[in-house]
Amino acid sequence: MLDERVTNCAANLVSASYCLTYFNAPVLSNYYLQTPMYRFLWLRSFHRPVLLTLRGSASGATLHTQVLDKFPVFQTQIIFYPDSLSADAALGARAYARRNYERTMVDPAFHAQMAASKRRAVLVKEADTTIVLTPLQYQAFEGLLHQARFWQLPSCQPSPGLLDGASWLLEAHLAVGYHMVERASPPADDPFRRACEYLIELSSVRAEERY
């Protein structure tokens, strides 16, 4: 039986919200912040998280790129202490557990891995860029959203069989309202993906791997 958090996308949205706090990104769904914004959060299984924020203005727009140096999750790895095995465990199993424990406890690579996994994610300063877009570029992006019927798309489209891949989450924060669409590894010909990729192509992360 599938976890309800998968079928209603709650797990993905919790992960996205968690990442956004590390980007110091404001909540866009509560009330209008007096600036039209589109925000694209790109979470890939094997690459660093990316956040692209497009802010509109009367003269054009700006596109702000931010990158975290790691996915902001604190990993836990369990190494069984030999005496924690059940009373009826075989002598061979106990001997193996003790050797494995002693070997792991003196392994510098293991300790380095644990230290890295428990370190807080931070913004990559050299990847933080802001570029100015022309009114035509801003209009082109909104045209792609129109072609994708973005405002009519359901926010959630569960992909319970997809274990690895990428979450493509786009938020629209305008005076007329707020809408969010999240998709797991959308196909290359998907109009929604093409709109998101337009922002990627304009940004400083255009060479990053896409999936």
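Of everything in segment 54-73 that's out of contact with any Leu (no Cβ under 8 Å at 6 or more places or on another chain), assigned to a loop (DSSP other than H, G, I, E, B) and farther than 14 Å from A127 by Cα, which residue is least open to solvent (accessible area, probe 1.4 Å)?
The residue in question is P72.
Which condition number in (1) out of contact with any Ser or Thr (no Cβ under 8 Å at 6 or more places or on another chain); (2) open to solvent by less than 20 Å² (accessible area, probe 1.4 Å); (3) touching a residue at least 60 places away in the same chain (Cβ under 8 Å); (4) closer than 16 Å to F40 by Cα is the one that Y138 fails?
(2)
Could you give every pair whose Cβ atoms fall below 7 Å, whose first residue belongs to segment 114-130 and is small (G, A, S), and whose second residue is surrounded by fewer than 13 Cβ atoms within 10 Å (Cβ to Cβ), counting only separations of at least 6 or pairs across chains?
Going by the 7 Å Cβ cut-off, the qualifying pairs are S117/F74; S117/Q75.
Which of the following residues is modelled with pLDDT under 95, of a type in the set (V, I, T) and either touching a Phe, Trp or Tyr at 6+ places or on another chain (Cβ under 6 Å) or under 17 Å from L170 (Cα atoms) (or both): V6, V14?
V14
Among the residues of segment 75-116, count how many are open to solvent by less than 100 Å² (accessible area, probe 1.4 Å), among the hydrophobic types (A, V, I, L, M, F, W, C) and either assigned to a helix (DSSP H, G or I) or under 30 Å from A127 (Cα atoms) (or both).
10
Hey, can you tell me all the residues within segment 192-211 that are surrounded by 14 or more Cβ atoms within 10 Å (Cβ to Cβ), closer than 15 Å to A127 by Cα and among the charged types (D, E, K, R)?
E208
Do we find a residue being surrounded by fewer than 19 Cβ atoms within 10 Å (Cβ to Cβ), in contact with a Cys (Cβ under 9 Å, 6 or more places away or on another chain) and in contact (Cβ under 8 Å) with a residue 12 or more places away in the chain anywhere in segment 43-53?
No, because not a single residue in segment 43-53 is surrounded by fewer than 19 Cβ atoms within 10 Å (Cβ to Cβ), in contact with a Cys (Cβ under 9 Å, 6 or more places away or on another chain) and in contact (Cβ under 8 Å) with a residue 12 or more places away in the chain.
So A121 fits all but one of (1) open to solvent by less than 60 Å² (accessible area, probe 1.4 Å); (2) over 20 Å from T21 (Cβ atoms); (3) in a loop (DSSP other than H, G, I, E, B); (4) aliphatic (A, V, I, L, M); what number is the exception?
That leaves (2) as the condition not met.
The values are calculated or read from the model by the stated rules, or taken from the named source; none is laboratory data. None of these values were measured; they are calculated from a predicted model. Cβ coordinates were reconstructed from backbone atoms using ideal geometry, including for glycine residues, and neighbour counts include every protein chain displayed. Accessible surface is based on the protein model in full, side chains and every heavy atom, while ligands, DNA and RNA are left aside. Shrake-Rupley method; radii C 1.70, N 1.55, O 1.52, S 1.80 Å.
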